[in-house]
Amino acid sequence: MCGIVGYVGSEQAAPVLLEGLSRLEYRGYDSAGVAVYSQREGTLSVHKAKGRLQVLSDLLQGGAAVEGTVGIGHTRWATHGAPSDVNSHPQVSQGGKIAVVHNGIIENYAELKAFLVDKGVTFVSETDTEVVAQLIEYFYDGDLLAAVGRVLHRIKGAYALGILCADTPDQLIAVRKDSPLILGYGKGCSFMASDVTAILKHTREVGYMEDGEIAVLTREGIQCYNHLMQPIQKEISHVDWEIDAAEKGGYEHFMFKEIMEQPEALRRCVFPRIREGEVWFEDFGLSEEYIRSIQKIYIVACGSSYHVGMVGKYNLERLTRIPVEVALASEFRYMDPIVNDRTLVVVISQSGETLDTMAALREARKLGGRILSIVNVVGSSIARESDEVLYTWAGPEIAVATTKAYSTQMALIDLLGLYFARILGTVEEQEYRSALDEMLLLPAKMEEVLADKDDIQYFASQYFNHDSVFFIGRNLDYALGLEGSLKLKEISYIHSEAYASGELKHGTISLIEDGTLVVALGTYGRLFEKAMSNVVEVKSRGADVLALTTKSHEKEMRETANAVITIPDTHDLLLPSLGVVPLQLFAYYVALMRGCDIDKPRNLAKSVTVE
Ligand code: F6R
């Protein structure tokens, strides 16, 4: 949802900004822009272009065409105003003094715009961001920080802002509220960015801005202030992962790389958490007493993370016998949820910045719930606002469609269920042991699935021309179908739906006709016979059935389905962890064959920081 980068130093700023933006393009790719203070001209030099960052980069010869050592840059996911040159950021004030890049939404922009228009200010764009630039200039009387402070009292909504003023060309101002922004501490230079990857080439020392904080960046360092404009000291963290982790490393797409990285990600996520045959969480603050007192678990998330929650509901209830409710974070806030101090709220988010999820977290806390989050991005807002955090340690995920984060989130939900069940005494010793043994085998079994990728590619070549697909399954297979279907539709643009198989006959089966592609999921052994009945049901209406099952059920499935993909047998709880891999690959190859932009699907962005 828009990427921001800012640099003040002694190098030429434009190439630094463009390079940083290239790492943030996953956040939005409708247009891009930079504003650099030109020493020679004594003015702001602003360049913007609709389309991918490459268009801007070509225009600016990789940045060589722009002179100046202080600047801000932006890559946009359009909210207010269509993607166009004029709506791109930076947005500049009427007098040309103030340039602003923004991630988020200014909710009261219309009212503020009317106020400024009344004062004679002329607007050129349709963006909410231009209001911020104009308002700063309106209040500016030589003290930029004071003007920013006055603006912050008036704007409502979510924002990370980068501000450059032609009168103070040796500094940048960064502001954060409900949208991510980090600070980078270099030698003789300072940075701001929406995420660490944008500045990692230059520094590993970062500070995470909190809501309401303001930072003034200069070559000499960074001074932070709280919302009362009192100076504060920021803790500096060292980032220890390598930039290669955020590069394609020879693969054609990040999504494919990230699919292939899953076994390794699982090893990182799971192995340290199983010690001497027991689940073990480092620095875990949920006491046994608290776990025994939990009356209800709420899982709150969006998109694929929500699908992990669906698997979590089945597995946690089965293991712990605690009632589990799963809610879409965007709905949670508005449904008057029943949460109290006996409710554990499990918040799942790869980015740790999803605005709906964050808002749900805050609502749950207000109601007295205890918050445990499962997050990938270390130091992200959700992680910082939670009582407990379990990090997935999947490494940076760049492709918009999540894969390795999903798999590691699921592993953590399963480990959590086993951990609770052990304390509550709701799991048989034998089941506990076999689940943990299988958990340790999961990465190797996943490698077996990945080794069969050519078969999946073949199936994709058979089916990529379909324009509508149904994923059907029961229980865990239904939850798996939700994810398989989302993966396919988001990157291949094929219309696809997931149904609980038993529901088909209540309406949807009327859509099945000769040649309709049905992906039938029958991995869950306990309900295999039921899954088979549904395969027969859709086949007899003419469906072309591509089935997914385990090796032990392969023979039976082959007798009915048109084509069968198999995964190794494993503990029931873990079937979706293996089952998702062929579905990810299927979506990937179908999208590839349809010529889609796999890593950057249309209309989407990786980190959804607007409501
Ligand atoms: C789909 C996908 C999205 C995210 C969703 C939540 O492939 O990636 O559906 O799962 O936007 O994002 P996080 O997990 O960052 O909160």
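The values are calculated or read from the model by the stated rules, or taken from the named source; none is laboratory data. Quick caveat: nothing in here was measured; it's all calculated off a predicted structure. Using ideal geometry, Cβ is built from the backbone for each residue, glycine included, and neighbour counts are taken over all protein chains shown.
Surrounded by 22 or more Cβ atoms within 10 Å (Cβ to Cβ), away from the ligand (no atom under 16 Å from the Cβ) and farther than 12 Å from Pro582 by Cα - does that describe any residue in the range 430-441? It would help to see each step written out before you state the result.
As a first pass, look at the range 430-441 and keep what is surrounded by 22 or more Cβ atoms within 10 Å (Cβ to Cβ): 435, 439.
Those left that are additionally away from the ligand (no atom under 16 Å from the Cβ): 435, 439.
Next, only the ones that are farther than 12 Å from Pro582 by Cα stay: 435, 439.
Within the range 430-441 (the criterion being surrounded by 22 or more Cβ atoms within 10 Å (Cβ to Cβ), away from the ligand (no atom under 16 Å from the Cβ) and farther than 12 Å from Pro582 by Cα), the answer is yes, since at least one residue qualifies.
Restricting the first residue to the range 171-194 and requiring it to be free of Cβ contacts under 8 Å to residues at least 60 places away in the same chain and more than 19 Å from Tyr37 (Cβ to Cβ), which pairs with a second residue that is surrounded by fewer than 24 Cβ atoms within 10 Å (Cβ to Cβ) and acidic (Asp, Glu) meet a Cβ separation below 6 Å and a spacing of at least six or different chains?
Arg176/Glu213; Tyr185/Glu205
Report the residue count in the range 381-397 for those that are touching a Leu at 6+ places or on another chain (Cβ under 7 Å), assigned to a helix (DSSP H, G or I) and either under 15 Å from Pro263 (Cα atoms) or more than 11 Å from the ligand (Cβ to nearest atom) (or both).
1
Determine, yes or no, whether Leu372 is over 13 Å from Val270 (Cα atoms), of a type in the set (A, V, I, L, M, F, W, C) and part of a strand (DSSP E or B). Walk me through it before giving the result.
Working: over 13 Å from Val270 (Cα atoms): yes; of a type in the set (A, V, I, L, M, F, W, C): yes; part of a strand (DSSP E or B): yes.
Judged against the criteria, Leu372 is a match.
Can you report the number of residues in the range 60-91 which are over 20 Å from Glu41 (Cβ atoms) and of a type in the set (A, V, I, L, M, F, W, C)?
4
Step by step: first the residues of the range 310-352, then only those that are of a type in the set (Phe, Trp, Tyr) and without any contact (Cβ under 8 Å) to a residue 40 or more places away in the chain, then the one that is farthest from His571 (Cα to Cα). Which residue is that?
The residue in question is Tyr334.
Considering only the range 51-59, I want to know if a residue exists there that is out of contact with any Asp or Glu (no Cβ under 9 Å at 6 or more places or on another chain), part of a helix (DSSP H, G or I) and surrounded by 23 or more Cβ atoms within 10 Å (Cβ to Cβ).
yes
Quick one: in the range 337-375, of everything that is among the acidic types (Asp, Glu) and more than 15 Å from the ligand (Cβ to nearest atom), which residue is surrounded by the fewest Cβ atoms within 10 Å (Cβ to Cβ)?
Top of the filtered list is Asp341.
Scan the range 511-528 and report the pairs whose first residue is surrounded by fewer than 15 Cβ atoms within 10 Å (Cβ to Cβ) and whose second residue is of a type outside the set (Asp, Glu), with Cβ atoms within less than 6 Å and a gap of 6+ or a chain change.
Once the first residue is surrounded by fewer than 15 Cβ atoms within 10 Å (Cβ to Cβ) and sits in the range 511-528, its partners that are of a type outside the set (Asp, Glu) give Glu513/Gly542; Asp514/Gly542.
Quick grid of which residues meet (1) out of contact with any Pro (no Cβ under 7 Å at 6 or more places or on another chain); (2) under 17 Å from Gly157 (Cα atoms); (3) aliphatic (A, V, I, L, M):
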position	(1), (2), (3)
Ala65	yes, no, yes
Gly68	yes, no, no
Val86	yes, no, yes
Val100	no, yes, yes
Gly104	yes, yes, no
Leu112	yes, yes, yes
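Which of the residues belonging to the range 4-27 are closer than 23 Å to Ser38 by Cβ, touching a strand residue (DSSP E or B) at 6+ places or on another chain (Cβ under 6 Å) and either charged (D, E, K, R) or not in a helix (DSSP H, G or I) (or both)?
Ile4, Val5, Gly6, Tyr7, Val8
Name the residues in the range 470-500 that are acidic (Asp, Glu) and either surrounded by fewer than 24 Cβ atoms within 10 Å (Cβ to Cβ) or in contact with a strand residue (DSSP E or B) (Cβ under 6 Å, 6 or more places away or on another chain) (or both), would you? Give the steps one after another, and end with the answer.
Step one: of the range 470-500, the residues acidic (Asp, Glu) are 477, 483, 490, 497.
Across the range 470-500, the qualifying residues are Asp477, Glu490, Glu497.
Which numbered condition in (1) within 30 Å of Leu488 (Cβ to Cβ); (2) within 16 Å of the ligand (Cβ to nearest atom) is the only one that Val378 fails?
(1)
Output yes when any residue across the range 311-318 is of a type outside the set (Asp, Glu), within 16 Å of the ligand (Cβ to nearest atom) and at pLDDT 95 or above, and no when none is.
Scanning the range 311-318, I find at least one residue that is of a type outside the set (Asp, Glu), within 16 Å of the ligand (Cβ to nearest atom) and at pLDDT 95 or above, so the answer is yes.
Search the range 487-508 for residues that are on the phi > 0 side of the Ramachandran plot and pair each with any residue that is part of a loop (DSSP other than H, G, I, E, B) and more than 13 Å from the ligand (Cβ to nearest atom) when their beta-carbon atoms are under 7 Å apart and the residues are at least 6 apart or on different chains.
Between residues of the range 487-508 that are on the phi > 0 side of the Ramachandran plot and residues that are part of a loop (DSSP other than H, G, I, E, B) and more than 13 Å from the ligand (Cβ to nearest atom), the close pairs are Tyr493/Cys596.
Conditions (1) polar (S, T, N, Q); (2) more than 16 Å from the ligand (Cβ to nearest atom); (3) in contact with a strand residue (DSSP E or B) (Cβ under 7 Å, 6 or more places away or on another chain); (4) farther than 17 Å from Leu415 by Cα, marked per residue:
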position	(1), (2), (3), (4)
Val270	no, yes, no, no
Phe281	no, yes, yes, no
Ser287	yes, yes, no, no
Ala301	no, no, yes, yes
Arg321	no, yes, no, no
Ala329	no, no, yes, yes
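Let me confirm something: among Gln94, Gln134, which residue is of a type in the set (S, T, N, Q) and within 19 Å of Gly42 (Cα to Cα)?
Gln94 is the lone residue from the list that is of a type in the set (S, T, N, Q) and within 19 Å of Gly42 (Cα to Cα).
Kindly provide the set of residues from the range 74-110 that are assigned to a strand (DSSP E or B) and in contact with a Cys (Cβ under 6 Å, 6 or more places away or on another chain), ordered by number.
Arg76, Ile98, Asn103 - these are the residues of the range 74-110 that are assigned to a strand (DSSP E or B) and in contact with a Cys (Cβ under 6 Å, 6 or more places away or on another chain).
Pick out the one residue from Ile299, Ile259, Ile291, Ile322 that is within 26 Å of Ala245 (Cα to Cα) and either surrounded by 14 or more Cβ atoms within 10 Å (Cβ to Cβ) or within 18 Å of the chain's Cα centre (by Cα) (or both).
Just one listed residue meets the conditions, Ile259.
Would it be correct to say that Val400 is of a type outside the set (Asp, Glu), away from the ligand (no atom under 15 Å from the Cβ) and not in a helix (DSSP H, G or I)? Explain how you work it out, then say what you get.
On the way: of a type outside the set (Asp, Glu): yes; away from the ligand (no atom under 15 Å from the Cβ): no; not in a helix (DSSP H, G or I): yes.
For Val400, the condition - of a type outside the set (Asp, Glu), away from the ligand (no atom under 15 Å from the Cβ) and not in a helix (DSSP H, G or I) - is not met.
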